[in-house]
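A.B. asks: Take this structure first; my questions come after.
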Amino acid sequence: MGIETWLILLGVAVMTLIIADGRRKKLKKRAAKMDDGSRVSARTEDAAAVDAVDAVDSALTLPALSGAPTSSDEPPRRDGCVSLEAPGREGSYLGVATQIAGDIIANESVSIKGRVVGSVIARHQLIQLGASSVVSADLEGGHVCIDGHLDGDVHASERLTLMPSARVRGAMSTNRFECHSGANLTGTVADCQSTGR
């Protein structure tokens, strides 16, 4: 067999391992939820059918996206930075595999987990940068919550929150500033009133 054939076989084996690991993690989470008593322990035929469909869906997952975080990977936040992926929550969502070069102007909440170069304007709305986000942009919003990498200025009319994995470089203005242990900030923080905005 040629090298190409071996590389293809190796690729298939790696994809199979990734899918199996994802399935194992999903079952482990399901078992943990059952141990907590948050779900009914009785298993019906319908639940078995749903598991079979999940297994087929897992087999069809693209390997490049299998490592991408999903809404079940992140626990709900208790500090006001809630996930926009929650059911019934409106807003714009830019996933891990999304890259935007340009300006984003929204009249709704914006959650970014991918890459953005330009500016993000969502006046009086929540702008949330996930831990996987890499943003080189100026941000303007009501509540800005940063958990990823940001290189740019921030204007938060209500509140600015830096989560533990935040890496921020730029000038910031806000009425209320929250910085969690572990966040890294290189720049200035000013009161909105003194900046004239």
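A.B. asks: For the condition over 21 Å from THR98 (Cα atoms) and either touching a Leu at 6+ places or on another chain (Cβ under 6 Å) or open to solvent by 40 Å² or more (accessible area, probe 1.4 Å) (or both), what is the one hit in VAL189, VAL134?
C.D. replies: The unique qualifying residue is VAL189.
A.B. asks: Something else now. Test of understanding: among LEU160, LEU129, which residue is among the hydrophobic types (A, V, I, L, M, F, W, C), in contact with a Leu (Cβ under 8 Å, 6 or more places away or on another chain) and open to solvent by less than 10 Å² (accessible area, probe 1.4 Å)?
C.D. replies: Answer to the selection: LEU129.
A.B. asks: On to the next question. For the range 92-126, what are the residues that are β-branched (Val, Ile, Thr), surrounded by fewer than 15 Cβ atoms within 10 Å (Cβ to Cβ) and assigned to a loop (DSSP other than H, G, I, E, B)?
C.D. replies: Correct list: THR98 only.
A.B. asks: State the number of residues belonging to the range 127-161 that are under 12 Å from the mean Cα position of the chain (by Cα) and not in a strand (DSSP E or B).
C.D. replies: Of the residues in that region, 6 qualify.
The values are calculated or read from the model by the stated rules, or taken from the named source; none is laboratory data. Just so it is clear, the model here is predicted, and its values are computed rather than measured. Here Cβ is always computed from backbone atoms with ideal geometry, including for glycine, and neighbour counts include all displayed protein chains. Side chains are part of the model used for accessible areas, which takes the heavy atoms of the whole protein and leaves out ligands, DNA and RNA. Shrake-Rupley method; radii C 1.70, N 1.55, O 1.52, S 1.80 Å.
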